[in-house]
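The values are calculated or read from the model by the stated rules, or taken from the named source; none is laboratory data. Fair warning: this is a prediction, and the values are worked out from it, not measured in the lab. Here the Cβ is made from the backbone with ideal geometry for all residues, glycine too, and neighbour counts use every protein chain on show. Heavy atoms of the whole protein, side chains included, go into the accessibility calculation; ligands, DNA and RNA do not. Shrake-Rupley method; radii C 1.70, N 1.55, O 1.52, S 1.80 Å.
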Amino acid sequence: MKVLIIEDNHNKLKQIKAFVNKNYPDVSIHDALSYTAGLRRIYDEKWNLLLLDMSLPIYDMSQQETGGDKKSIAGKEIMNRMIYRRKIIPTIIITQFDTFGENELSINTLNKEFSESLSEVWRGTVNYEDSTNKWMIELKKLLDEVFKEDLDDKDISS
């Protein structure tokens with residue numbers, strides 16, 4: 001099982017990786033830190049699962065670079081591009097924000113849109129709060145569902 005995490009917050013990325021490693025030791029975890037780097041890895045490699053932040057910088061940040069403007073609904077844009085390019089990878093959004101963009105779209109509004117128009121890839125959204133373990137419970141439930149789905153697909157194709 002090969003998992004890509006697209007996340008620009010280093011602390012959040014570290015916590016997600018630790019959680020996945022602890023609960024699913026056989027999973028191979030890789031990461032990308034920006035919208036562009038994430039898309040490149042999605043297009044160039046094969047993945048079983050994508051853990052995706054909603055808001056991302058356009059490019060990787062460095063000491064000299066700011067990463068460009070932040071795309072507030074980058075997660076939605078990435079899922080749209082995946083469907084357009086027929087890269088159907090189960091995707092879980094992990095976000096710490098409740099509203100996005102200039103129009104302040106709520107996460108509930110986006111989730112409704114995802115369930116209607118991006119259901120080929122979207123499997124759920126986790127509200128990440130560093131101060132509680134609730135996000136871990138939500139993520140474990142969704143990961144268990146996706147991993148079961150992946151095993152069921154392998155059984156059918158065998």
> What about ILE42, is it in a strand (DSSP E or B), touching a helix residue (DSSP H, G or I) at 6+ places or on another chain (Cβ under 8 Å) and touching a residue at least 40 places away in the same chain (Cβ under 8 Å)?
Replying inline: no
> If you take the residues of the stretch 23-37 that are aliphatic (A, V, I, L, M) and assigned to a loop (DSSP other than H, G, I, E, B), which of them is least open to solvent (accessible area, probe 1.4 Å)?
Replying inline: VAL27
>> Looking at the stretch 1-30 only, could you name the residues that are more than 18 Å from THR125 (Cα to Cα) and in contact with a Leu (Cβ under 6 Å, 6 or more places away or on another chain)?
In response: HIS30
